[in-house]
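Just below is one structure, and these are the notes that go with it.
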Amino acid sequence: MNNKEGNNKRGGSRPNSSRPNSSKPKPPMAKRAQGPKKVKPEVKAAQEAAAEKFRKQNQPAKRQKASDEIRLNKYISNSGVCSRRDADIYIQSGNVKVNGNVVTEMGYLVKLNDVVNFDGVTLTPEKKEYILLNKPKNFTTAFDEGQEYRNVLELVRGATNAKIGAVGRMDKNTTGLLLFTNDTDMIRKFTLPNQKSSKIYQISLDKNLKFEDLEKISKGLVLDGHRIFVEEVSYIDNEPKSEVGLKLRTANVKVVRAIFESFEYNVLRIDRVSFAGLTKKNLPRGNWRFLTDQEIINLKNI
């Protein structure tokens, strides 16, 4: 090998070659679009755990409910002025003060010895009371019938110091089961038109109920533009055909009377023998009793 050949090799080129010079710079390649870099599952889990730990460290500690504390809306409801739902509205509106300070926080806890002012009135929380009365005649739930007829509250006056009210209305001629309570939620529940609890009435008419009228009543009817659904209607066993049993959901005795009057019968007497599963068993006329814990639970679950 001579020096010329050696120099040619070191130069890395062949003088007599027809191929283009490879030393010419090539144009840069276009960069490929790259998506977001994938995070490994274990790394992602560690990041989320760290973020959650940071959030908890910077979150104010939740105060534990003490045994002598209750929610503010329940305190208001226990006082008998309104339901819990309505109490929340008053709280959010800034109409409730605790110890002189306006409280708008939902779930705020108060103690029984706190001073709670509701819309300008200081409240006193009461224990929930539930009393069942077997109402006699000549007592009414109304307050505007003069001095001739006494109010039903007289019959349960010695039962409790709580501010109780009757669930539904009864006139002087209607007898039977009448529930009293200071639980405003329950009063509202059993006076709504779409309530689900059944009541059973025994009705005395001025004449025998015709079978065709009984069938018409059993199919339901429309009174004053409102549809009345009758669960059951029947004659009373071993009684004249003027004694009728009626099962429906309304607690409004006026509806019961209007059903028969629409067929031109005069209603002489109405006796409510069952109210939402409660009966007159061992409860003589004119007497009252407290509901059992199980009976209260049953009413709340209806």
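The values are calculated or read from the model by the stated rules, or taken from the named source; none is laboratory data. What you see is a predicted model, and the numbers here were worked out from it, not measured in a lab. When we count neighbours, we look across all protein chains shown, and the Cβ atoms used for this are built from the backbone with ideal geometry, even at glycine. Please note that ligands, DNA and RNA were not included when accessible areas were found on the heavy atoms of the full protein model with its side chains. Shrake-Rupley method; radii C 1.70, N 1.55, O 1.52, S 1.80 Å.
Of (1) at pLDDT below 95; (2) over 26 Å from the mean Cα position of the chain (by Cα); (3) surrounded by 13 or more Cβ atoms within 10 Å (Cβ to Cβ), Leu246 satisfies all except one. Which?
(1)
If you take just the strands (runs of 3 or more DSSP E) that sit entirely in the range 188-245, which of them hold at least 3 residues that are over 24 Å from Asn134 (Cβ atoms)?
Working: elements: 199-205, 221-223, 226-228, 230-235.
So the answer is 221-223, 226-228.
If Arg257 passes every condition in (1) in contact (Cβ under 8 Å) with a residue 12 or more places away in the chain; (2) outside any helix (DSSP H, G or I) but one, which one does it miss?
Evaluating Arg257 over (1) in contact (Cβ under 8 Å) with a residue 12 or more places away in the chain; (2) outside any helix (DSSP H, G or I) leaves (2) as the failure.
Of everything in the range 187-212, what is under 21 Å from Pro240 (Cα atoms) and open to solvent by less than 20 Å² (accessible area, probe 1.4 Å)? Give them in sequence order. If you could, list the steps in order and put the result at the bottom.
First pass over the range 187-212, keeping only residues under 21 Å from Pro240 (Cα atoms): 200-212.
Those that are under 21 Å from Pro240 (Cα atoms) and open to solvent by less than 20 Å² (accessible area, probe 1.4 Å): Tyr201, Ile203, Ser204, Leu205, Leu209.
I want to confirm something. Restricting to the range 141-186 and keeping residues that are surrounded by fewer than 22 Cβ atoms within 10 Å (Cβ to Cβ) and among the hydroxyl-bearing types (Ser, Thr, Tyr), which single residue is nearest to Leu299 (Cα to Cα)?
Thr184
How many residues, within the range 256-284, are of a type outside the set (Gly, Ala, Ser), closer than 24 Å to Met186 by Cβ and open to solvent by 30 Å² or more (accessible area, probe 1.4 Å)? First the steps, then the outcome.
Filtering the range 256-284 down to residues of a type outside the set (Gly, Ala, Ser) leaves 256-257, 259-261, 263-273, 275, 278-284.
This time we only want the ones that are closer than 24 Å to Met186 by Cβ, so: 256, 270-273, 275, 278-283.
Okay, now just the ones that are also open to solvent by 30 Å² or more (accessible area, probe 1.4 Å), so 273, 279-282.
Number of matching residues: 5.
Mind counting the residues in the range 66-110 that are in contact (Cβ under 8 Å) with a residue 40 or more places away in the chain and open to solvent by less than 80 Å² (accessible area, probe 1.4 Å)?
Just the residues of the range 66-110 that are in contact (Cβ under 8 Å) with a residue 40 or more places away in the chain, to begin with: 66, 68-70, 72, 75-84, 109-110.
The next check asks that each one be open to solvent by less than 80 Å² (accessible area, probe 1.4 Å); those that pass are 66, 68-70, 72, 75-83, 109-110.
Total satisfying the criteria: 16.
Residue by residue, here is whether (1) modelled with pLDDT under 90; (2) among the aliphatic types (A, V, I, L, M); (3) not in a loop (DSSP other than H, G, I, E, B) holds:
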| position | (1), (2), (3) |
| --- | --- |
| Gly146 | yes, no, no |
| Leu153 | no, yes, yes |
| Gly158 | yes, no, no |
| Lys163 | yes, no, no |
| Gly168 | yes, no, no |
| Leu179 | no, yes, yes |
| Met186 | yes, yes, yes |
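Which condition does Val233 not pass, out of (1) over 25 Å from Thr140 (Cβ atoms); (2) at pLDDT below 95, if it passes all the others?
It fails just one condition, (2).
What is the number of the single condition among (1) out of contact with any helix residue (DSSP H, G or I) (no Cβ under 9 Å at 6 or more places or on another chain); (2) farther than 18 Å from Lys199 by Cβ; (3) open to solvent by less than 70 Å² (accessible area, probe 1.4 Å) that Gln294 does not meet?
(3)
May I ask you to verify whether Asn134 is at pLDDT 90 or above, more than 20 Å from Ile76 (Cα to Cα), of a type in the set (S, T, N, Q) and open to solvent by 60 Å² or more (accessible area, probe 1.4 Å)?
Working: at pLDDT 90 or above: yes; more than 20 Å from Ile76 (Cα to Cα): yes; of a type in the set (S, T, N, Q): yes; open to solvent by 60 Å² or more (accessible area, probe 1.4 Å): no.
Criteria not met by Asn134.
Mind counting the residues in the range 214-240 that are surrounded by fewer than 17 Cβ atoms within 10 Å (Cβ to Cβ) and either under 17 Å from Asp271 (Cβ atoms) or among the acidic types (Asp, Glu) (or both)?
Of the residues in the range 214-240, 11 are surrounded by fewer than 17 Cβ atoms within 10 Å (Cβ to Cβ) and either under 17 Å from Asp271 (Cβ atoms) or among the acidic types (Asp, Glu) (or both).
Return the only residue of Asn8, Asn113, Asn117 being open to solvent by less than 100 Å² (accessible area, probe 1.4 Å), more than 22 Å from the chain's Cα centre (by Cα) and at pLDDT 80 or above. Please lay out each step first, then the result.
Numbers: Asn8 fails: at pLDDT 80 or above; Asn113 fails: open to solvent by less than 100 Å² (accessible area, probe 1.4 Å).
Within the list Asn8, Asn113, Asn117, the selection yields Asn117.
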